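Okay, structure first, notes after.
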Amino acid sequence: MGDEDNGLLYLHHVTVETPIKSRYRVKVKVDGSDVQLTRSGRNGQNLVLAPPRSLEVSNSSKVQATLRAGHTVAGVSLRKEEIVIEIDIKDAVEQFLLSMKAEVSISDQATFRQRPVTITVFFRSPPTSELVRSTLQNLREVMGEFRRITGGSTQKQKGTVIRYCIAFSELDPRSKAAFNVLAVTLELLKQQQGRDQMVSTLTRHLERVLPFAKEALKEVVEDEADILRRAIGRLYTLTMDVAEFSCDYVTRKRFKRLAKAMTPGQDQERINDLSRGFTEVVEEFDRAVNVEMLKAVRSMEERVLLDRLKPIQTGYRLDRGCMEGTRVGLLDEIVQWAMRPPTGGTISGASTSHNVYWLYGIPGIGKTAIAHSICAQLHKKGRLGGTFFCRRDDPDLSDPKSVIPTLVFNLAETWGPYRKLLADKLRKDPKLTRHSADNQLFALLLDTLQSHPPHPLLLIIDALDECGDSLGRSSIITSLIAAASRVSWLRIIVTSRQDSDIESSFGRFDGRYLSRDLASDDQAHNDIYFYAQSKLSTIAQRRGLAKDWPGDQKLEEIVQRSGRLFIFVETLLRLLERGLNPDRYLAQALSVGSGSALERLHSLYTTAIRSQIDEDKEEFRSAMGTIIVVGQYRPLSVEAVAQLSNLPVHVVSTLVNKLGSLLYKDSTTSGGIRVRHLSVIDFLTGSNTPEDLAVDTEKAHRDVGVACLKVMTLGLRFNICGIESSFLANRDIVDLQSRVDENMSN
């Protein structure tokens, strides 16, 4: 340990403030010894003097500053005058210990030649103690935060510490503050341990209890946590006791405070008491909570839910949200609604009106992108309870019977007490199935919850119009509004087209939901302009076009023709990116006739198809018919589409590649072909579709049916994979998957 660690403070520099114009000298003594000072400059009227290096001072040091003026003639002093100012180092010490600032100062005033003089001495903490000083300051701040949250007394919290019955170290601000205090206390004691082994025992106990408590509390999911109240109350009290002792102990040991100090024996006794306290708390946690048991219980509960509810894997994707910088106002408004405290200021007993929000709009206006963005923002804030993204071309995601069970499972995963209650209900009543989830396992079960989350949780259902029939959609809406009406902490967002059956279903619950037509978003024009401008700039750079291509006038024309439909701009951009001559494709797209926004979108689809498909219209209709009618059950690969359409594989592959602005290969389904947007199917099967592009779905169903019979007649046979023995179990056949791939169509 270096000598500099023995000091409390270091004299860093001295300033003299006076309006005197005549020459004067300043002399400083520390404990009777002269200190060499050099002028280091001026700060306004202040003369700044500093020693060549920081000068150590102790708690009992005396600092004396002398201001002297006059001159000598022939050895005789003329008009000699001086004043002496004493600086009490104790004041600087106390100031430092109270503020824990890196630098403190002490000033004194006097009159010199009938003018005021102020001398200020600046002290700094020892260089090697800066880290300790910073940690002490941090510890005092987090202790203050803990006192603020708990109302100044940890004792008050013993009866109400487990209010939310969840991983409260994540959600309860008291617990967060307590763990902050423990963590910073441990950091401080580790710094002191290198100098003083007396605290090593206490350090070891802190190192043990911190991760243990975090893990235990992370797994607490009980409905009633009375069993933990005493242990957690003691932990809170002990947290502040050890923090206060550590602050006092390290301050005394490091900085040699002049206040009355405890003897080493008293310090050791206090450390032993605190160490015993930590041991008892850990033992009490051990008795109250078996962390591994809680994990096992949670795992069993989740298995019960999975087996009985059979949830669908569906969730949001970051790459499908709104482009950064667009829809900002709309998203902020919706997120604020989702996060707003319940009417009345508390969750329990608060109003449940307007807990459901219906966002609707015409195809392509950006409903799904908005839904993905909302999910991303609320997930980051810990407010996302569950999601379901409907898709007409996916049998699981278009089944109304899958929506509520999936949301129930999501909510149970998010909210422990609901999961426990749900698992118990399913275990006690084997007759309950996923089809009972609409009421008994969702809305009605919420009524029996004894605890609630500390903040609202959001469920979001996107593209409800793509799910089932009108009866199924009506049942979903009824269940959602019934659930949101029972608890104030549940928020629900539904996005869809403004289909008559959905509007009618919501209409039965007038006054119990909010609605918004996305076409009324005043910022949509600016957002589409920004989106188009950004993407066109990227295309221009990739294609070697002019930086400002295609120019402000055409950019504005694109935005105007979009009719506030993001899908219009998105489709056009894909066409321009893939086309051989972007200027020609842009001119064709902008030459389409007027009409409604959807009519202009359909005209763009016509341009996109005809610009890529010239003499292959029959092949186009055949392939698209197969993709559309089979796609509602499962997306097919290029090879499967070719086989069921009676077309060569290379023809289908070329069609899919050329029509990349409308079709894509879904990597999540082994390259299955999907339409980029449901409006493409609406266009191709609609009554106003140009005859050469129209897909006859009745004919397509017949053709696919005949093709399936042909495939089965030619391909099905006994032991199709050539398994050597029927006595072998599938798991015992090493190359089973490769045999399946080789002999069976996907």
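The values are calculated or read from the model by the stated rules, or taken from the named source; none is laboratory data. These numbers come from a predicted model, not from an experiment. A quick note on method: Cβ atoms are made from the backbone with ideal geometry, for glycine too, and the neighbour counts reach across all protein chains shown. Calculation scope for accessible area: heavy atoms of the full protein, side chains included, ligands and nucleic acids excluded. Shrake-Rupley method; radii C 1.70, N 1.55, O 1.52, S 1.80 Å.
Let me confirm something: among LEU458, LEU464, which residue is under 25 Å from the mean Cα position of the chain (by Cα) and surrounded by 18 or more Cβ atoms within 10 Å (Cβ to Cβ)?
Answer to the check: LEU458.
I'm trying to understand the selection: among the residues of the range 717-746, which are open to solvent by 80 Å² or more (accessible area, probe 1.4 Å), at pLDDT 85 or above, under 30 Å from ALA623 (Cβ atoms) and not charged (D, E, K, R)?
Scanning the range 717-746 gives a single hit, GLN737.
For the range 573-588, how many residues meet the condition of being free of Cβ contacts under 8 Å to residues at least 24 places away in the same chain and in contact with a helix residue (DSSP H, G or I) (Cβ under 6 Å, 6 or more places away or on another chain)?
Matching residues across the range 573-588 total 1.
For every residue, the table says whether it meets (1) in contact (Cβ under 8 Å) with a residue 12 or more places away in the chain; (2) buried (at least 20 other Cβ atoms within 10 Å of the Cβ).
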position	(1), (2)
ALA524	yes, yes
ILE528	yes, yes
SER534	yes, no
GLN541	no, no
GLY544	no, no
SER562	yes, yes
ILE567	yes, yes
THR571	yes, yes
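Residue by residue, here is whether (1) surrounded by fewer than 19 Cβ atoms within 10 Å (Cβ to Cβ); (2) over 42 Å from the mean Cα position of the chain (by Cα); (3) not in a helix (DSSP H, G or I) holds:
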site: GLU577; (1), (2), (3): yes, no, no
site: LEU586; (1), (2), (3): no, no, no
site: HIS602; (1), (2), (3): no, no, no
site: ALA608; (1), (2), (3): no, no, no
site: ASP614; (1), (2), (3): yes, yes, yes
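Under the condition of being basic (Lys, Arg) and within 13 Å of THR279 (Cβ to Cβ), which residue from the range 195-215 is modelled with the highest pLDDT?
ARG204
Filter the range 61-89 down to residues that are touching a Leu at 6+ places or on another chain (Cβ under 8 Å), open to solvent by 80 Å² or more (accessible area, probe 1.4 Å) and at pLDDT below 75 and give me whichever is nearest to LYS27 (Cα to Cα).
Once the filter is applied, the top-ranked residue is HIS71.
Of all residues in the range 618-639, which are of a type outside the set (Ser, Thr, Tyr), more than 19 Å from SER667 (Cα to Cα) and touching a residue at least 40 places away in the same chain (Cβ under 8 Å)?
PHE620, ARG621, MET624, GLY625, VAL629
So which residues in the range 476-522 are among the hydroxyl-bearing types (Ser, Thr, Tyr), surrounded by fewer than 21 Cβ atoms within 10 Å (Cβ to Cβ) and closer than 21 Å to CYS322 by Cα?
Result: SER515, SER520.
Return the total of residues in the range 672-716 being of a type in the set (Gly, Ala, Ser), within 13 Å of ILE627 (Cβ to Cβ) and open to solvent by 20 Å² or more (accessible area, probe 1.4 Å).
0
Can you tell me which of (1) in contact with a helix residue (DSSP H, G or I) (Cβ under 6 Å, 6 or more places away or on another chain); (2) modelled with pLDDT under 95; (3) open to solvent by less than 50 Å² (accessible area, probe 1.4 Å); (4) under 15 Å from ALA707 (Cα atoms) is the one GLU639 doesn't meet?
Of (1) in contact with a helix residue (DSSP H, G or I) (Cβ under 6 Å, 6 or more places away or on another chain); (2) modelled with pLDDT under 95; (3) open to solvent by less than 50 Å² (accessible area, probe 1.4 Å); (4) under 15 Å from ALA707 (Cα atoms), only one is false for GLU639: (3).
When the range 8-57 is examined, which residues are found to be modelled with pLDDT of 80 or more, part of a strand (DSSP E or B), open to solvent by 30 Å² or more (accessible area, probe 1.4 Å) and of a type in the set (S, T, N, Q)?
SER33, THR38, listed by residue number.
Condition first: closer than 20 Å to GLU324 by Cβ and among the aliphatic types (A, V, I, L, M). Can you find one or more residues in the range 543-555 that meet it?
Yes, some residue in the range 543-555 is closer than 20 Å to GLU324 by Cβ and among the aliphatic types (A, V, I, L, M).
On the basis of being open to solvent by less than 10 Å² (accessible area, probe 1.4 Å), over 30 Å from LYS554 (Cα atoms) and of a type in the set (S, T, N, Q), does THR654 make the cut?
Judged against the criteria, THR654 is not a match.
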